[in-house]
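Participant: Please read through the structure below; I'll follow up with questions.
The values are calculated or read from the model by the stated rules, or taken from the named source; none is laboratory data. This is a predicted model, so every value here is computed, not measured. For neighbour counting, all protein chains shown are included, and Cβ atoms are generated from backbone atoms with ideal geometry for every residue, glycine included.
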Amino acid sequence: MMRSRWLGYIVAALAAAASAWAYPRLPPRVAIHWSLSGQPDGYGSKLLAAVLLPLMILAMRGLLSVLPRIDPKGKNYPKFASTYWLIFNGVIVFFGVIHLAVLAYGLGAPVRMDRVVAAGVGVLLIVIGNYITRVEPNWFIGIRTPWTLSSDRVWRRTHRVGGWILVTGGALVVLSLFVPAGAALPILIATIALVAVVPVVLSYLWWRRERAGARQT
């Protein structure tokens with residue numbers, strides 16, 4: 001199911017159905033943004049809260065059909081098509097869950113958005129980390145740096161290590177759900193640094209090593 005090309009449309013339809021049910025029951029102003037501490041710090045009309053994420057999910061699903069056609073490395077997509085859909089379907093499901101949480105909060109449910117988002121991001125990173133090693137070189141998904149896109153060997157090596165880094169980062173995010181509030185933010189900052197910076201640096205170092213080796217031969 002997670003590899004289905006129809007899942008995005010199904011999630012968008014379910015999100016729209018939830019909005020249609022909740023809309024008459026929502027207050028005129030609904031929280032649509034939260035701080036890192038889980039406190040709402042942004043509000044919008046109930047119409048915006050009802051349609052924003054379903055339309056975003058629908059637009060994302062439409063875009064997913066276009067990306068392989070406009071990617072200069074489009075010939076690689078058939079090699080990892082099932083992984084492509086699994087990863088992006090995971091992202092779509094994540095947004096679907098967030099939408100349900102926004103509606104539930106607007107209806108007065110005691111939803112902790114910081115915990116919902118942390119749990120969703122953690123699980124998503126773990127899932128992506130487990131499958132990203134199967135992604136072939138392309139311009140839209142994976143660890144795309146000038147150095148991974150310049151060398152298939154650097155791409156594959158970076159993604160093998162990057163997969164473990166993403167899983168580790170996801171586990172740290174999930175761990176933050178069980179620590180005191182004051183420790184959660186440092187864990188989040190460390191995770192962002194780990195996931196966003198380390199693979200980029202490693203890809204550059206491996207590319208330099210490959211170039212140096214090529215000059216010596």
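Here's the yes/no breakdown for (1) surrounded by 14 or more Cβ atoms within 10 Å (Cβ to Cβ); (2) at pLDDT below 95; (3) in the same structural domain as Leu185 (by TED's automatic domain parsing):
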position	(1), (2), (3)
Val11	yes, no, no
Ala17	no, no, no
Trp34	yes, yes, no
Asp41	no, yes, no
Tyr77	yes, no, no
Thr83	yes, no, no
Leu86	yes, no, no
Val97	yes, no, no
Tyr105	yes, no, no
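Participant: Would you point out which residue out of Gly96, Gly38 is part of a loop (DSSP other than H, G, I, E, B), over 30 Å from Thr148 (Cα atoms) and either among the charged types (D, E, K, R) or in contact with a helix residue (DSSP H, G or I) (Cβ under 6 Å, 6 or more places away or on another chain) (or both)?
Facilitator: Gly38
Participant: If we keep just the residues of the range 52-84 that are basic (Lys, Arg) and in contact (Cβ under 8 Å) with a residue 12 or more places away in the chain, which is farthest from Ala18 (Cα to Cα)?
Facilitator: Of everything passing the filter in the range 52-84, Lys73 is farthest from Ala18 (Cα to Cα).
Participant: Might you let me know whether the range 121-129 holds any residue that is within 17 Å of Val11 (Cα to Cα), in contact with a Gly (Cβ under 6 Å, 6 or more places away or on another chain) and not small (Gly, Ala, Ser)?
Facilitator: Within the range 121-129, one or more residues are within 17 Å of Val11 (Cα to Cα), in contact with a Gly (Cβ under 6 Å, 6 or more places away or on another chain) and not small (Gly, Ala, Ser).
Participant: Next up: Which count do you get for residues in the range 170-213 that are over 26 Å from Val154 (Cβ atoms) and either hydroxyl-bearing (Ser, Thr, Tyr) or in contact with a Pro (Cβ under 6 Å, 6 or more places away or on another chain) (or both)?
Facilitator: Of the residues in the range 170-213, 1 are over 26 Å from Val154 (Cβ atoms) and either hydroxyl-bearing (Ser, Thr, Tyr) or in contact with a Pro (Cβ under 6 Å, 6 or more places away or on another chain) (or both).
Participant: So, one more: So which residues in the range 8-35 are under 30 Å from Leu188 (Cα atoms) and part of a helix (DSSP H, G or I), if there are any at all?
Facilitator: Result: Gly8, Val11, Ala12, Ala15.
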